[in-house]
Amino acid sequence: MSLDTTHNDLLDVMQIFGRAGRPQLGEGIILTAAQSCPSTMLTSSVPIESSFIKALADHLNAEIVSDTVTNVTGAVTWLSYTCLYVRMMRKPTAYGVSLDERNDDPLLSSKRPELIGAAAITLDDCRMVRYDATTGSARGDGSGA
């Protein structure tokens, strides 16, 4: 019996395991020959930082038009499941959060709605979704899908 194999780039593997490490998704296991596993993957102690914040509006748009997220509260909860949030908690200064701000707001309860609100306003300005800043509601209008 022959098995098809795929060789993945180290960053792809790290991204997969970043997702697998979320509590709702369980754990991930790599099965590979020792010579196929880059030594940097086993010895690197430098965490890979999230670039999710650069595309937050795009991802939020996808969540809104699929009705997964319908308001800021839901979007803030959704954001808390991302690698971005995990990395913001561990290394806040890499994401524009001062140490004082992190100490004063340990769960980033103010920063997350700020990020979501800014992304939602961007989407509304681009007419991708309809966002009501007063109520915090967001809905797709068909053009953002």
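Each residue, Thr134 and Thr6, gets one label point 7 Å from its Cα in the Cβ direction; the gap between the two is 4.9 nm. Nearest 0.05, what FRET efficiency do Arg127 and Ser80 give at R0 = 30 Å with Cβ-Cβ as r? The computed FRET efficiency comes out at 0.60. Here the label points at Lys91 and Lys54, each 7 Å from Cα along the C-beta direction, are separated by 1.5 nm in the simple model. As a size descriptor, the averaged projected area of the C-alpha convex hull of segment 52-140 was calculated at 5.3 nm². The order of Ile64, Ile53, Ile121, going from fewest to most other C-beta atoms within 10 Å of their C-beta, is Ile121, Ile53, Ile64. Here Met89, Met128 are placed in order of increasing Cβ neighbour count within 10 Å, fewest first, which gives Met89, Met128.
Read-outs: derived from the displayed coordinates by stated rules, not from any lab. Because the structure is a prediction, the values reported are computed rather than measured. Positions of Cβ are backbone-derived with ideal geometry, glycine not excepted, and every protein chain shown enters the neighbour counts.
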